[in-house]
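The values are calculated or read from the model by the stated rules, or taken from the named source; none is laboratory data. Predicted model, so just to flag it, every value in this text is computed and none were measured. Cβ atoms come from the backbone with ideal geometry, glycine included; neighbour counts cover every protein chain shown. In case anyone asks, the SASA skips ligands and DNA or RNA and just uses the protein heavy atoms, side chains included. Shrake-Rupley method; radii C 1.70, N 1.55, O 1.52, S 1.80 Å.
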Amino acid sequence: MSLLDFEGNYGRQYNDRIRSLIPGYDAILEIGAATLAARCPQAQTALVVGPGSGQELSGLLWALPRAQLTLVEPSEQMRLLCSAEIERLAAGDRVHWGPEQLQDEPPPAPGRFDAVICHHVLHVLPPAQQRQLLDQLAAQLAPGGVLLVSSYSEPAAPDIEPWRAIATARFRGLGLDEPSVNEVLASRNTKVFPLDPQRLEWRLLAAGLEPPTQLLQALCNRLWVSRRPLAGEAGAAPDGAAEAIGRLQAVVAQLRNPEGGCPWDLEQTHNSLLPYLLEEAHEVADAIRQGDARHLAEELGDLLLQVVLHAQIASEDHRFNLCQVATGISDKLVRRHPHVFAGGKAADRAALRQSWDSIKAQERSERQGSTPSTSPLSDQLARKVRGQPALAGAMTISRQAAAAGFEWDDLNGVWAKVHEELDELKEAVALAWSEGGIAAGSPGRAPASGDSAARAHAETELGDVLFTLVNVGRWCRLDPEEGLAGTNRRFLDRFSRLEAALGGDLGGRSLSELEQHWQQAKAAIRAEASQPNIEPI
(Lines give C-alpha, C1' and ligand atoms only; values in the text may rest on other atoms or scores of the structure.)
Protein backbone atom coordinates (compact mmCIF):
# COMPACT_ATOMS: atom_id res chain seq x y z
CA MET A 1 0.00 0.00 0.00
CA SER A 2 2.76 2.45 0.86
CA LEU A 3 4.58 4.49 -1.75
CA LEU A 4 7.65 4.68 0.51
CA ASP A 5 10.19 1.90 0.16
CA PHE A 6 10.02 0.22 3.55
CA GLU A 7 11.68 -2.91 2.16
CA GLY A 8 14.70 -1.04 0.80
CA ASN A 9 17.05 1.69 1.98
CA TYR A 10 14.28 3.78 3.57
CA GLY A 11 13.25 0.88 5.78
CA ARG A 12 16.85 -0.03 6.71
CA GLN A 13 17.49 3.54 7.82
CA TYR A 14 14.15 3.97 9.57
CA ASN A 15 15.33 3.35 13.13
CA ASP A 16 18.72 4.99 12.68
CA ARG A 17 17.74 8.13 10.86
CA ILE A 18 14.25 8.65 9.44
CA ARG A 19 12.35 8.41 12.70
CA SER A 20 14.54 11.08 14.28
CA LEU A 21 13.86 13.41 11.35
CA ILE A 22 10.11 13.46 11.95
CA PRO A 23 9.36 16.46 14.21
CA GLY A 24 7.14 15.43 17.10
CA TYR A 25 7.40 11.68 16.44
CA ASP A 26 8.22 10.70 20.02
CA ALA A 27 5.78 13.27 21.46
CA ILE A 28 2.96 11.75 19.42
CA LEU A 29 3.74 8.27 20.77
CA GLU A 30 3.98 9.49 24.37
CA ILE A 31 0.85 11.64 24.32
CA GLY A 32 -1.05 8.90 22.49
CA ALA A 33 -0.12 6.29 25.10
CA ALA A 34 -1.08 8.65 27.94
CA THR A 35 -4.44 9.31 26.26
CA LEU A 36 -5.19 5.60 26.00
CA ALA A 37 -4.21 5.09 29.65
CA ALA A 38 -6.69 7.79 30.65
CA ARG A 39 -9.54 6.86 28.30
CA CYS A 40 -9.60 3.07 28.17
CA PRO A 41 -7.37 1.50 30.87
CA GLN A 42 -9.69 -1.55 31.01
CA ALA A 43 -9.37 -2.32 27.28
CA GLN A 44 -9.12 -6.04 26.59
CA THR A 45 -8.23 -5.87 22.88
CA ALA A 46 -6.25 -3.37 20.81
CA LEU A 47 -5.44 -3.17 17.12
CA VAL A 48 -2.17 -1.47 16.10
CA VAL A 49 -2.02 -0.67 12.38
CA GLY A 50 1.46 0.16 11.09
CA PRO A 51 3.58 -0.39 14.22
CA GLY A 52 6.70 -0.04 12.05
CA SER A 53 9.81 -1.09 13.96
CA GLY A 54 7.84 -1.41 17.20
CA GLN A 55 9.04 1.72 18.98
CA GLU A 56 5.54 2.45 20.34
CA LEU A 57 4.89 -1.00 21.79
CA SER A 58 6.38 -0.38 25.23
CA GLY A 59 4.15 2.67 25.70
CA LEU A 60 1.05 0.78 24.53
CA LEU A 61 1.74 -2.17 26.82
CA TRP A 62 2.00 0.27 29.73
CA ALA A 63 -1.10 2.24 28.76
CA LEU A 64 -3.29 -0.84 28.16
CA PRO A 65 -2.15 -3.31 30.85
CA ARG A 66 -5.06 -5.74 30.28
CA ALA A 67 -5.12 -5.71 26.49
CA GLN A 68 -4.03 -8.24 23.92
CA LEU A 69 -2.39 -6.35 21.02
CA THR A 70 -2.92 -7.38 17.40
CA LEU A 71 -0.42 -5.91 14.94
CA VAL A 72 -1.02 -5.18 11.24
CA GLU A 73 2.12 -4.29 9.27
CA PRO A 74 2.55 -4.74 5.49
CA SER A 75 6.36 -4.34 5.40
CA GLU A 76 8.35 -7.55 5.91
CA GLN A 77 11.40 -5.56 7.04
CA MET A 78 9.33 -3.65 9.62
CA ARG A 79 7.82 -6.91 10.88
CA LEU A 80 11.32 -8.31 11.47
CA LEU A 81 12.37 -5.18 13.39
CA CYS A 82 9.13 -5.21 15.35
CA SER A 83 9.47 -8.91 16.24
CA ALA A 84 12.89 -8.16 17.66
CA GLU A 85 11.36 -5.42 19.81
CA ILE A 86 8.62 -7.79 21.03
CA GLU A 87 11.28 -10.29 22.04
CA ARG A 88 13.30 -7.59 23.81
CA LEU A 89 10.20 -6.56 25.78
CA ALA A 90 9.34 -10.21 26.55
CA ALA A 91 5.82 -9.41 25.38
CA GLY A 92 5.12 -12.44 23.20
CA ASP A 93 2.19 -13.46 25.41
CA ARG A 94 0.40 -10.17 24.80
CA VAL A 95 1.41 -9.13 21.27
CA HIS A 96 0.28 -11.11 18.23
CA TRP A 97 0.56 -10.65 14.49
CA GLY A 98 -2.60 -10.16 12.47
CA PRO A 99 -2.86 -10.00 8.66
CA GLU A 100 -0.27 -8.02 6.71
CA GLN A 101 -2.92 -5.40 5.98
CA LEU A 102 -6.57 -4.75 6.78
CA GLN A 103 -9.07 -6.40 4.52
CA ASP A 104 -11.23 -4.31 2.20
CA GLU A 105 -14.33 -5.97 3.63
CA PRO A 106 -15.21 -4.52 7.06
CA PRO A 107 -15.58 -6.90 10.01
CA PRO A 108 -19.06 -7.86 11.23
CA ALA A 109 -20.60 -4.91 13.08
CA PRO A 110 -19.81 -3.90 15.72
CA GLY A 111 -16.01 -4.01 15.56
CA ARG A 112 -14.18 -6.12 18.10
CA PHE A 113 -11.35 -3.89 19.32
CA ASP A 114 -11.54 -1.67 22.42
CA ALA A 115 -8.71 0.49 21.07
CA VAL A 116 -7.43 1.08 17.53
CA ILE A 117 -4.09 2.85 17.03
CA CYS A 118 -2.62 4.03 13.74
CA HIS A 119 0.46 6.27 13.81
CA HIS A 120 2.37 7.71 10.81
CA VAL A 121 0.62 5.53 8.23
CA LEU A 122 -2.08 7.63 6.58
CA HIS A 123 0.34 10.17 5.13
CA VAL A 124 2.13 7.57 3.01
CA LEU A 125 -1.15 6.82 1.20
CA PRO A 126 -2.85 8.81 -1.58
CA PRO A 127 -6.05 10.60 -0.47
CA ALA A 128 -8.39 7.90 -1.84
CA GLN A 129 -6.54 5.24 0.16
CA GLN A 130 -6.48 7.51 3.20
CA ARG A 131 -10.27 7.60 3.15
CA GLN A 132 -10.42 3.84 2.70
CA LEU A 133 -8.08 3.20 5.63
CA LEU A 134 -10.01 5.62 7.88
CA ASP A 135 -13.20 3.69 7.11
CA GLN A 136 -11.44 0.40 7.88
CA LEU A 137 -10.03 1.71 11.17
CA ALA A 138 -13.43 2.97 12.27
CA ALA A 139 -15.07 -0.33 11.33
CA GLN A 140 -12.70 -2.24 13.63
CA LEU A 141 -13.71 -0.21 16.71
CA ALA A 142 -16.16 -1.71 19.21
CA PRO A 143 -18.86 0.46 20.89
CA GLY A 144 -17.19 2.50 23.62
CA GLY A 145 -13.80 1.96 21.97
CA VAL A 146 -11.16 4.64 21.40
CA LEU A 147 -9.45 5.46 18.09
CA LEU A 148 -6.04 7.13 18.08
CA VAL A 149 -4.68 8.43 14.77
CA SER A 150 -1.64 10.51 13.85
CA SER A 151 -0.57 11.75 10.47
CA TYR A 152 1.45 14.30 8.56
CA SER A 153 -0.89 17.25 7.92
CA GLU A 154 0.27 20.46 6.30
CA PRO A 155 -1.21 23.82 7.20
CA ALA A 156 -2.93 25.82 4.48
CA ALA A 157 -0.85 26.53 1.40
CA PRO A 158 -0.16 30.25 2.12
CA ASP A 159 1.41 29.28 5.46
CA ILE A 160 3.61 26.40 4.29
CA GLU A 161 6.86 28.32 3.72
CA PRO A 162 7.61 29.00 7.42
CA TRP A 163 7.06 25.31 8.11
CA ARG A 164 9.39 24.32 5.29
CA ALA A 165 12.08 26.63 6.69
CA ILE A 166 11.76 25.10 10.16
CA ALA A 167 11.86 21.57 8.75
CA THR A 168 14.89 22.39 6.60
CA ALA A 169 16.79 23.78 9.58
CA ARG A 170 15.91 20.72 11.63
CA PHE A 171 17.05 18.29 8.93
CA ARG A 172 20.35 20.14 8.54
CA GLY A 173 20.83 20.23 12.31
CA LEU A 174 20.44 16.45 12.41
CA GLY A 175 23.23 16.02 9.88
CA LEU A 176 21.25 15.40 6.71
CA ASP A 177 23.27 16.54 3.71
CA GLU A 178 21.89 19.22 1.36
CA PRO A 179 20.86 16.86 -1.50
CA SER A 180 19.00 14.69 0.98
CA VAL A 181 17.25 17.73 2.50
CA ASN A 182 16.13 18.83 -0.95
CA GLU A 183 14.97 15.31 -1.79
CA VAL A 184 12.91 15.04 1.40
CA LEU A 185 11.23 18.39 0.79
CA ALA A 186 10.66 17.71 -2.91
CA SER A 187 9.13 14.31 -2.19
CA ARG A 188 6.51 15.82 0.12
CA ASN A 189 3.87 15.93 -2.62
CA THR A 190 4.88 12.71 -4.37
CA LYS A 191 5.57 10.30 -1.52
CA VAL A 192 3.94 11.96 1.48
CA PHE A 193 0.29 13.02 1.29
CA PRO A 194 -1.02 15.44 3.94
CA LEU A 195 -4.16 14.28 5.69
CA ASP A 196 -6.91 16.90 5.52
CA PRO A 197 -8.23 17.34 9.10
CA GLN A 198 -11.71 18.17 7.81
CA ARG A 199 -11.72 15.03 5.67
CA LEU A 200 -10.72 13.01 8.74
CA GLU A 201 -13.66 14.45 10.65
CA TRP A 202 -16.10 13.75 7.80
CA ARG A 203 -15.07 10.10 7.57
CA LEU A 204 -15.26 9.44 11.29
CA LEU A 205 -18.64 11.16 11.63
CA ALA A 206 -19.95 9.15 8.67
CA ALA A 207 -18.72 5.98 10.41
CA GLY A 208 -20.68 6.84 13.56
CA LEU A 209 -17.77 8.03 15.69
CA GLU A 210 -17.62 11.18 17.78
CA PRO A 211 -15.94 14.26 16.24
CA PRO A 212 -12.17 13.80 16.66
CA THR A 213 -10.25 15.96 19.11
CA GLN A 214 -6.81 17.15 18.03
CA LEU A 215 -4.36 16.45 20.86
CA LEU A 216 -1.15 17.71 19.29
CA GLN A 217 0.32 19.54 16.34
CA ALA A 218 4.10 19.38 16.10
CA LEU A 219 5.25 21.14 12.95
CA CYS A 220 3.20 19.32 10.32
CA ASN A 221 2.29 16.24 12.37
CA ARG A 222 -1.00 16.00 14.22
CA LEU A 223 -2.54 13.56 16.68
CA TRP A 224 -6.29 12.94 17.02
CA VAL A 225 -8.48 10.87 19.33
CA SER A 226 -12.07 9.79 18.76
CA ARG A 227 -14.52 7.28 20.21
CA ARG A 228 -17.45 5.14 19.14
CA PRO A 229 -20.44 5.84 21.42
CA LEU A 230 -22.11 2.93 23.16
CA ALA A 231 -25.46 1.77 21.79
CA GLY A 232 -28.11 4.33 22.73
CA GLU A 233 -25.51 6.72 24.13
CA ALA A 234 -25.59 10.34 23.07
CA GLY A 235 -22.35 11.70 21.67
CA ALA A 236 -20.09 13.72 23.92
CA ALA A 237 -21.26 17.30 24.30
CA PRO A 238 -18.99 19.83 22.56
CA ASP A 239 -16.54 21.64 24.80
CA GLY A 240 -17.52 25.22 24.01
CA ALA A 241 -19.04 27.11 21.09
CA ALA A 242 -16.00 26.74 18.80
CA GLU A 243 -16.12 22.94 18.99
CA ALA A 244 -19.90 22.94 18.53
CA ILE A 245 -19.61 25.09 15.38
CA GLY A 246 -16.80 22.85 14.14
CA ARG A 247 -19.00 19.79 14.61
CA LEU A 248 -21.86 21.43 12.71
CA GLN A 249 -19.46 22.37 9.92
CA ALA A 250 -18.24 18.77 9.70
CA VAL A 251 -21.80 17.40 9.65
CA VAL A 252 -22.78 19.77 6.83
CA ALA A 253 -19.60 18.94 4.91
CA GLN A 254 -20.43 15.24 5.15
CA LEU A 255 -23.98 15.90 3.92
CA ARG A 256 -22.38 17.59 0.88
CA ASN A 257 -19.74 14.87 0.47
CA PRO A 258 -20.15 13.12 -2.92
CA GLU A 259 -18.99 9.93 -1.19
CA GLY A 260 -21.90 8.90 1.00
CA GLY A 261 -23.52 12.33 1.38
CA CYS A 262 -27.22 13.18 1.17
CA PRO A 263 -28.60 13.39 -2.42
CA TRP A 264 -30.88 16.32 -1.49
CA ASP A 265 -28.08 18.35 0.10
CA LEU A 266 -25.76 17.64 -2.82
CA GLU A 267 -28.30 19.12 -5.25
CA GLN A 268 -28.62 22.43 -3.41
CA THR A 269 -27.23 25.75 -4.65
CA HIS A 270 -27.30 29.27 -3.21
CA ASN A 271 -30.39 30.02 -5.30
CA SER A 272 -32.28 26.82 -4.46
CA LEU A 273 -31.70 27.44 -0.74
CA LEU A 274 -32.92 31.04 -0.84
CA PRO A 275 -36.58 30.23 0.04
CA TYR A 276 -35.42 28.16 3.03
CA LEU A 277 -33.14 30.96 4.23
CA LEU A 278 -36.01 33.46 4.16
CA GLU A 279 -38.38 30.98 5.78
CA GLU A 280 -35.97 30.27 8.64
CA ALA A 281 -35.41 33.99 9.22
CA HIS A 282 -39.17 34.55 9.48
CA GLU A 283 -39.50 31.61 11.88
CA VAL A 284 -36.81 33.14 14.10
CA ALA A 285 -38.78 36.39 14.13
CA ASP A 286 -41.97 34.51 15.02
CA ALA A 287 -40.23 32.70 17.90
CA ILE A 288 -39.07 36.06 19.24
CA ARG A 289 -42.61 37.42 19.08
CA GLN A 290 -43.91 34.35 20.91
CA GLY A 291 -41.35 34.78 23.70
CA ASP A 292 -40.52 31.05 23.67
CA ALA A 293 -36.81 30.64 24.47
CA ARG A 294 -36.69 26.94 23.63
CA HIS A 295 -38.39 27.50 20.29
CA LEU A 296 -36.08 30.45 19.58
CA ALA A 297 -32.97 28.33 20.23
CA GLU A 298 -34.25 25.71 17.79
CA GLU A 299 -35.08 28.25 15.10
CA LEU A 300 -31.72 29.99 15.50
CA GLY A 301 -30.13 26.59 14.93
CA ASP A 302 -32.10 26.19 11.69
CA LEU A 303 -30.95 29.64 10.59
CA LEU A 304 -27.34 28.86 11.52
CA LEU A 305 -27.57 25.72 9.40
CA GLN A 306 -28.38 27.90 6.40
CA VAL A 307 -25.29 30.06 7.04
CA VAL A 308 -23.01 27.02 7.36
CA LEU A 309 -24.55 25.35 4.31
CA HIS A 310 -24.05 28.43 2.11
CA ALA A 311 -20.46 28.73 3.34
CA GLN A 312 -19.85 25.04 2.57
CA ILE A 313 -21.19 25.40 -0.98
CA ALA A 314 -18.94 28.42 -1.55
CA SER A 315 -15.90 26.64 -0.10
CA GLU A 316 -16.32 23.78 -2.57
CA ASP A 317 -15.76 26.30 -5.38
CA HIS A 318 -12.87 27.94 -3.47
CA ARG A 319 -14.74 31.27 -3.26
CA PHE A 320 -14.95 31.67 0.52
CA ASN A 321 -15.48 29.53 3.62
CA LEU A 322 -17.04 29.76 7.07
CA CYS A 323 -13.80 30.99 8.60
CA GLN A 324 -13.74 33.93 6.19
CA VAL A 325 -17.42 34.67 6.90
CA ALA A 326 -16.83 34.76 10.67
CA THR A 327 -13.58 36.70 10.34
CA GLY A 328 -15.21 39.24 8.04
CA ILE A 329 -18.07 40.04 10.39
CA SER A 330 -15.75 40.14 13.42
CA ASP A 331 -13.45 42.60 11.66
CA LYS A 332 -16.45 44.70 10.60
CA LEU A 333 -17.79 44.88 14.16
CA VAL A 334 -14.41 45.91 15.54
CA ARG A 335 -13.98 48.52 12.79
CA ARG A 336 -17.43 50.01 13.35
CA HIS A 337 -17.12 50.20 17.15
CA PRO A 338 -14.01 52.33 17.75
CA HIS A 339 -15.55 53.49 21.05
CA VAL A 340 -15.32 49.87 22.28
CA PHE A 341 -12.20 48.46 20.62
CA ALA A 342 -10.00 51.46 19.78
CA GLY A 343 -10.21 53.70 22.82
CA GLY A 344 -12.63 56.12 21.17
CA LYS A 345 -15.41 58.07 22.85
CA ALA A 346 -19.16 58.19 22.17
CA ALA A 347 -21.10 61.00 23.88
CA ASP A 348 -24.61 59.71 23.13
CA ARG A 349 -26.67 57.60 20.71
CA ALA A 350 -26.66 60.38 18.10
CA ALA A 351 -22.86 60.45 18.14
CA LEU A 352 -22.77 56.67 17.84
CA ARG A 353 -25.08 56.81 14.83
CA GLN A 354 -22.99 59.50 13.17
CA SER A 355 -19.78 57.53 13.73
CA TRP A 356 -21.41 54.35 12.39
CA ASP A 357 -22.67 56.07 9.23
CA SER A 358 -19.31 57.77 8.67
CA ILE A 359 -17.41 54.47 8.88
CA LYS A 360 -19.89 52.76 6.54
CA ALA A 361 -19.56 55.61 4.04
CA GLN A 362 -15.78 55.27 4.15
CA GLU A 363 -16.05 51.52 3.54
CA ARG A 364 -18.33 52.10 0.54
CA SER A 365 -15.94 54.69 -0.85
CA GLU A 366 -13.03 52.25 -0.58
CA ARG A 367 -15.04 49.55 -2.36
CA GLN A 368 -16.35 51.81 -5.13
CA GLY A 369 -13.23 53.84 -5.79
CA SER A 370 -13.00 57.59 -6.21
CA THR A 371 -16.09 58.15 -8.41
CA PRO A 372 -18.87 59.55 -6.18
CA SER A 373 -22.45 58.34 -6.61
CA THR A 374 -25.06 60.80 -7.91
CA SER A 375 -27.74 59.11 -5.76
CA PRO A 376 -26.01 58.05 -2.52
CA LEU A 377 -29.15 57.76 -0.37
CA SER A 378 -30.99 55.68 -2.99
CA ASP A 379 -27.94 53.43 -3.39
CA GLN A 380 -27.73 52.98 0.36
CA LEU A 381 -31.43 52.12 0.67
CA ALA A 382 -31.29 49.70 -2.25
CA ARG A 383 -28.49 47.80 -0.52
CA LYS A 384 -30.25 47.87 2.83
CA VAL A 385 -33.66 46.58 1.73
CA ARG A 386 -32.58 44.02 -0.84
CA GLY A 387 -32.60 41.26 1.76
CA GLN A 388 -35.61 42.45 3.76
CA PRO A 389 -39.22 41.31 3.41
CA ALA A 390 -41.16 43.79 1.28
CA LEU A 391 -43.17 45.21 4.21
CA ALA A 392 -40.09 45.80 6.36
CA GLY A 393 -38.26 47.24 3.35
CA ALA A 394 -41.10 49.71 2.74
CA MET A 395 -40.81 50.93 6.34
CA THR A 396 -37.04 51.35 5.99
CA ILE A 397 -37.37 53.35 2.76
CA SER A 398 -40.19 55.48 4.22
CA ARG A 399 -38.21 56.37 7.33
CA GLN A 400 -35.01 57.26 5.47
CA ALA A 401 -36.79 59.31 2.81
CA ALA A 402 -38.70 61.22 5.50
CA ALA A 403 -35.47 61.85 7.43
CA ALA A 404 -34.03 63.35 4.23
CA GLY A 405 -36.99 65.78 3.99
CA PHE A 406 -39.31 63.91 1.61
CA GLU A 407 -42.30 64.03 3.95
CA TRP A 408 -45.97 65.11 4.25
CA ASP A 409 -46.84 68.17 6.33
CA ASP A 410 -49.27 66.25 8.53
CA LEU A 411 -51.16 62.96 8.88
CA ASN A 412 -54.08 64.32 6.84
CA GLY A 413 -51.81 64.40 3.82
CA VAL A 414 -50.94 60.74 4.35
CA TRP A 415 -54.62 59.75 4.58
CA ALA A 416 -55.36 61.71 1.41
CA LYS A 417 -52.63 59.75 -0.35
CA VAL A 418 -54.11 56.46 0.94
CA HIS A 419 -57.52 57.30 -0.56
CA GLU A 420 -55.92 58.45 -3.82
CA GLU A 421 -53.97 55.22 -4.18
CA LEU A 422 -57.00 53.15 -3.18
CA ASP A 423 -59.09 54.75 -5.93
CA GLU A 424 -56.35 54.02 -8.47
CA LEU A 425 -56.25 50.39 -7.27
CA LYS A 426 -60.03 50.07 -7.75
CA GLU A 427 -59.74 51.38 -11.31
CA ALA A 428 -56.82 49.09 -12.16
CA VAL A 429 -58.59 46.03 -10.71
CA ALA A 430 -61.77 46.84 -12.64
CA LEU A 431 -59.80 47.11 -15.89
CA ALA A 432 -57.89 43.87 -15.29
CA TRP A 433 -61.15 42.15 -14.39
CA SER A 434 -62.87 43.33 -17.56
CA GLU A 435 -60.00 41.91 -19.63
CA GLY A 436 -60.09 38.54 -17.86
CA GLY A 437 -56.80 38.99 -16.05
CA ILE A 438 -58.24 38.44 -12.58
CA ALA A 439 -61.36 36.78 -11.24
CA ALA A 440 -63.13 36.95 -7.91
CA GLY A 441 -62.65 34.09 -5.48
CA SER A 442 -59.86 32.41 -7.46
CA PRO A 443 -56.50 33.95 -6.51
CA GLY A 444 -54.72 30.70 -7.24
CA ARG A 445 -56.08 30.43 -10.80
CA ALA A 446 -53.61 30.94 -13.62
CA PRO A 447 -54.03 34.39 -15.22
CA ALA A 448 -55.86 34.60 -18.53
CA SER A 449 -53.96 34.98 -21.76
CA GLY A 450 -54.71 38.67 -22.45
CA ASP A 451 -54.15 40.04 -18.98
CA SER A 452 -50.40 40.55 -18.63
CA ALA A 453 -50.26 44.38 -18.79
CA ALA A 454 -53.53 45.05 -16.95
CA ARG A 455 -52.80 42.51 -14.24
CA ALA A 456 -49.30 43.86 -13.72
CA HIS A 457 -50.73 47.40 -13.44
CA ALA A 458 -53.26 46.25 -10.81
CA GLU A 459 -50.46 44.59 -8.86
CA THR A 460 -48.45 47.82 -9.01
CA GLU A 461 -51.37 49.82 -7.65
CA LEU A 462 -51.84 47.29 -4.84
CA GLY A 463 -48.20 47.83 -3.92
CA ASP A 464 -48.74 51.61 -3.87
CA VAL A 465 -51.64 51.22 -1.43
CA LEU A 466 -49.59 48.99 0.86
CA PHE A 467 -46.63 51.38 0.74
CA THR A 468 -48.85 54.33 1.68
CA LEU A 469 -50.39 52.36 4.56
CA VAL A 470 -46.87 51.69 5.79
CA ASN A 471 -46.42 55.46 5.95
CA VAL A 472 -49.58 55.69 8.08
CA GLY A 473 -47.96 53.22 10.45
CA ARG A 474 -44.75 55.27 10.53
CA TRP A 475 -46.62 58.49 11.31
CA CYS A 476 -48.54 56.81 14.13
CA ARG A 477 -45.49 54.89 15.46
CA LEU A 478 -47.17 51.59 14.60
CA ASP A 479 -45.19 48.63 13.27
CA PRO A 480 -46.97 47.20 10.20
CA GLU A 481 -44.91 43.98 10.37
CA GLU A 482 -46.02 43.35 13.96
CA GLY A 483 -49.57 44.40 13.13
CA LEU A 484 -49.83 42.00 10.19
CA ALA A 485 -48.16 39.18 12.16
CA GLY A 486 -50.75 39.66 14.91
CA THR A 487 -53.56 39.59 12.38
CA ASN A 488 -52.19 36.36 10.93
CA ARG A 489 -52.12 34.76 14.39
CA ARG A 490 -55.66 35.93 15.21
CA PHE A 491 -57.00 34.72 11.87
CA LEU A 492 -55.41 31.28 12.31
CA ASP A 493 -56.79 30.99 15.85
CA ARG A 494 -60.31 31.82 14.69
CA PHE A 495 -60.03 29.64 11.58
CA SER A 496 -58.77 26.64 13.58
CA ARG A 497 -61.83 26.94 15.87
CA LEU A 498 -64.09 27.18 12.83
CA GLU A 499 -62.52 24.02 11.40
CA ALA A 500 -62.83 22.19 14.72
CA ALA A 501 -66.50 23.11 15.02
CA LEU A 502 -67.11 21.57 11.58
CA GLY A 503 -65.10 18.44 12.24
CA GLY A 504 -62.25 19.56 10.02
CA ASP A 505 -64.39 19.45 6.86
CA LEU A 506 -65.30 22.77 5.23
CA GLY A 507 -66.39 21.25 1.94
CA GLY A 508 -69.94 22.04 0.77
CA ARG A 509 -70.62 24.58 3.51
CA SER A 510 -72.46 27.77 2.69
CA LEU A 511 -70.89 31.15 3.28
CA SER A 512 -73.55 32.03 5.85
CA GLU A 513 -72.78 28.84 7.82
CA LEU A 514 -69.06 29.54 7.75
CA GLU A 515 -69.65 33.16 8.81
CA GLN A 516 -71.78 31.99 11.73
CA HIS A 517 -69.01 29.74 13.04
CA TRP A 518 -66.48 32.51 12.43
CA GLN A 519 -68.42 34.91 14.63
CA GLN A 520 -68.81 32.21 17.30
CA ALA A 521 -65.03 31.72 17.29
CA LYS A 522 -64.47 35.48 17.73
CA ALA A 523 -66.96 35.56 20.60
CA ALA A 524 -65.26 32.60 22.31
CA ILE A 525 -61.84 34.25 22.05
CA ARG A 526 -63.23 37.51 23.52
CA ALA A 527 -64.81 35.60 26.38
CA GLU A 528 -61.57 33.78 27.16
CA ALA A 529 -59.65 37.04 27.04
CA SER A 530 -61.99 38.66 29.55
CA GLN A 531 -61.38 35.96 32.16
CA PRO A 532 -58.73 36.76 34.84
CA ASN A 533 -55.19 35.41 34.43
CA ILE A 534 -55.77 34.57 30.80
CA GLU A 535 -53.73 36.52 28.30
CA PRO A 536 -55.61 37.51 25.13
CA ILE A 537 -54.38 36.14 21.86
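Key figures for this structure:
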read-out	value
LEU377/ARG335 FRET efficiency (R0 22 Å; Cβ-Cβ; nearest 0.05)	0.45
Residues SER452 and ARG289, FRET efficiency given R0 of 41 Å [Cβ-Cβ distance, rounded to 0.05]	0.60
Crossing angle, helix 452-475 versus the chain [Cα axis fit, 0-90 degrees, rounded to tens]	90
Residue among ALA253, VAL340, GLY473 farthest towards the positive dipole end of the chain, charges placed on Cβ	VAL340
Structure-derived semi-axes √(5λ) of the Cα gyration tensor in Å: which label, when the choices are [x] 65, 31, 22; [y] 64, 34, 19; [z] 61, 26, 21	[x]
Only Lys, Arg (+1) and Asp, Glu (-1) charged, at Cβ; the range 255-386 dipole about Cα centre in debye	1000
For the chain, size of Cβ-based charge dipole, Lys and Arg +1, Asp and Glu -1, in debye	1220
Calculated FRET efficiency for the pair GLN103/ALA297, C-beta based, R₀ 41 Å, to 0.05	0.35
Spatially proximal aspartates and glutamates relative to LYS417 (Cα-Cα < 16 Å; intrachain offsets below 8 disregarded)	GLU407, ASP409, GLU427, GLU461, ASP464
Accessible area per residue in Å² at 1.4 Å probe, computed on the chain	57
Distance from the range 481-497 to the range 397-431 (C-alpha centre basis), Å	26
Charged-residue dipole, Cβ positions (Lys, Arg, Asp, Glu), the range 123-206 about Cα centre, Debye nearest 20	140
Nearest-ten-degree value, helix 127-139 long axis tilted from longest Cα axis of the chain	90
The range 108-209: proportion of alpha-carbon pairs further apart than 22 angstrom, %	42
Helical mean residue ellipticity (222 nm; -39500 (n - 2.57) per DSSP H run of 4+; nearest 500) of the chain	-18500 deg cm²/dmol
Net lengthening on full extension, ALA128/ASN321 (0.36 nm per residue, minus Cα-Cα)	67.1 nm
Helix 76-89 axis, angle to the chain major axis (alpha carbon atoms, nearest 10°)	70
Cα lying deepest toward the dipole's positive end in the range 24-107, options PRO99, GLN42, LEU60, charges on Cβ	GLN42
Protein accessible area in the range 318-358, 1.4 Å probe - carbon and sulfur %	59
Stretchable slack from LEU352 to ALA390, in nm (0.36 nm times residue separation minus alpha-carbon distance)	10.9 nm
Of all accessible heavy-atom area on the range 179-262, the percent that carbon and sulfur account for (1.4 Å)	57
Potential lengthening between GLN68 and ARG477 on full extension [0.36 nm per residue; Cα-Cα distance subtracted]	139.6 nm
Carbon/sulfur fraction of accessible area - the range 40-161, other protein chains in place, 1.4 Å, %	54
